[in-house]
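The values are calculated or read from the model by the stated rules, or taken from the named source; none is laboratory data. Owing to the predicted nature of the structure, the values given are computational and were not obtained by experimental measurement. For neighbour counting, all protein chains shown are included, and Cβ atoms are generated from backbone atoms with ideal geometry for every residue, glycine included. Just the protein is used for accessible areas: all its heavy atoms, side chains included, with ligands, DNA and RNA removed. Shrake-Rupley method; radii C 1.70, N 1.55, O 1.52, S 1.80 Å.
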Amino acid sequence: MLETAGNSGSERIGAFRSISGFLPKTAVFIAKRLFGALATIAVGALIVFFVMKAAPGDPALAVLGDNATPEAVEEFRRRHHLDEPLVGQFVLWVSGMLRGDFGLSLTIGGGIPISQLIATRLPITAFVGIYSVLIAVLVSLSMGTIAALRRGRAADTIATSVAVLGISMPDFWLSYVLIFAFAIGWKVFPAYGFISPVDSLAGALYSGFLPALAIAAPMAAVFARMLRASLVEAASREYVLAATSFGFGKPFVFRHFVFRNALIPYVTVIGLQIRYLLGGVVVIERIFGIQGLGSLAVDAAFARDYPTVLACTVVFLAIVLLVNVIVDLICAALDPRRSL
């Protein structure tokens, strides 16, 4: 009994040491990624700023009209610091952003604070994005697993063909097909408009199904093909053959030795697809009339609203970088041998 108690105590000490060693590594990893994220955001904002400035057009004339007097145009530029050098304008914007002040919108909403616009639009875009990712994950887990377990059979052929078809369909084209079939034809879902999840979660799930499905279908195809390839590759590993030779059942071996290891590249691909998801959200929001962050960025770009475009760019970059950090942490949890 003393030996058993000693072994139990040693196991607890070992577990504590592993946790205490993992936490500092995680903190250092997160700190490094945050530093890299800030540098990436700064470079991205700088590029977008000067690209917007190089484009033709004048925000003062976009707001005041072509018939505005030179005095009114000069006053507008002075009030919004558009008469200062480009470097000075960028430094002024960055200093305000570091204080949590994105400034005032030049054209969208008539001078509304940009932080207020983002706070209103971001939950809508986040809901549609998360909704589409959930659909893609659920569909791909089913298709990829069935295709791997039935490799070489009819189910595998059907799942693989559907995945290839999904990859071949652009999300904007699929959007119009879904509108024609489910909104105009069968009148099951609305063709235009969206109910914010802040107002009604059930309404958001209903009105956002077609947009989320249009974004999710190509992603689900990519995820399913990756999962099938990962499952087939993991099933041929030596440790799987060893576990089978020890007498473990097929369901146990699949869950603990095949599926868990196949999730690592699968989760990595999900993280990489987030950047394409954000691009798809911009297009889908325009098609379905969703007043999200993507529509705000497009409207601001056409209206020459530099501060709003920059703020949307920073938010999109922050979302992508945050998802990448989360994906790395999930992969480290799935494979403890992986160093952070």
Which of (1) over 23 Å from A204 (Cβ atoms); (2) open to solvent by 40 Å² or more (accessible area, probe 1.4 Å); (3) touching a Gly at 6+ places or on another chain (Cβ under 8 Å); (4) not β-branched (V, I, T) is the odd one out, the single condition N324 does not satisfy? (2)
Which count do you get for residues in the range 263-297 that are farther than 23 Å from L322 by Cα and assigned to a helix (DSSP H, G or I)? 3
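Check A119, A126 and return the single one that is surrounded by fewer than 13 Cβ atoms within 10 Å (Cβ to Cβ), part of a helix (DSSP H, G or I) and out of contact with any helix residue (DSSP H, G or I) (no Cβ under 6 Å at 6 or more places or on another chain). Reasoning before the result, please.
Working: A126 fails: surrounded by fewer than 13 Cβ atoms within 10 Å (Cβ to Cβ).
Being surrounded by fewer than 13 Cβ atoms within 10 Å (Cβ to Cβ), part of a helix (DSSP H, G or I) and out of contact with any helix residue (DSSP H, G or I) (no Cβ under 6 Å at 6 or more places or on another chain) holds for just one of A119, A126, which is A119.
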Among (1) open to solvent by less than 40 Å² (accessible area, probe 1.4 Å); (2) assigned to a helix (DSSP H, G or I), A301 falls short only on (1)
Members of the range 75-99 found to be closer than 21 Å to I41 by Cβ and open to solvent by 50 Å² or more (accessible area, probe 1.4 Å), listed by number: L86, V87, V91, L92, L98, R99
What number of residues within the range 175-214 satisfy the criterion of being at positive phi and in contact with a Ser or Thr (Cβ under 9 Å, 6 or more places away or on another chain)? 1
Cβ pairs under 7 Å, 6+ apart, first in the range 23-49 and of a type in the set (S, T, N, Q), second not in a helix (DSSP H, G or I): T26/L340
The one condition L165 fails out of (1) among the aliphatic types (A, V, I, L, M); (2) within 21 Å of S140 (Cα to Cα); (3) surrounded by 14 or more Cβ atoms within 10 Å (Cβ to Cβ) is (3)
Could you list, in sequence order, all residues of the range 157-181 that are touching a residue at least 24 places away in the same chain (Cβ under 8 Å), under 23 Å from F223 (Cβ atoms) and over 22 Å from the mean Cα position of the chain (by Cα)? A159, T160, V162, V164, L165, L178
Taking the criterion of being assigned to a helix (DSSP H, G or I) and touching a Leu at 6+ places or on another chain (Cβ under 6 Å), would at least one residue in the range 82-103 satisfy it? no
With the requirement that a residue be open to solvent by less than 40 Å² (accessible area, probe 1.4 Å) and in contact (Cβ under 8 Å) with a residue 24 or more places away in the chain, what does the range 227-245 give you? L227, S230, L231, V232, A234
So, of the residues in the range 246-281 that are of a type in the set (F, W, Y) and open to solvent by less than 80 Å² (accessible area, probe 1.4 Å), which turns out to be nearest to P211 (Cα to Cα)? Y266
Out of curiosity, is D58 of a type outside the set (S, T, N, Q), over 14 Å from L106 (Cα atoms) and at pLDDT below 80? no
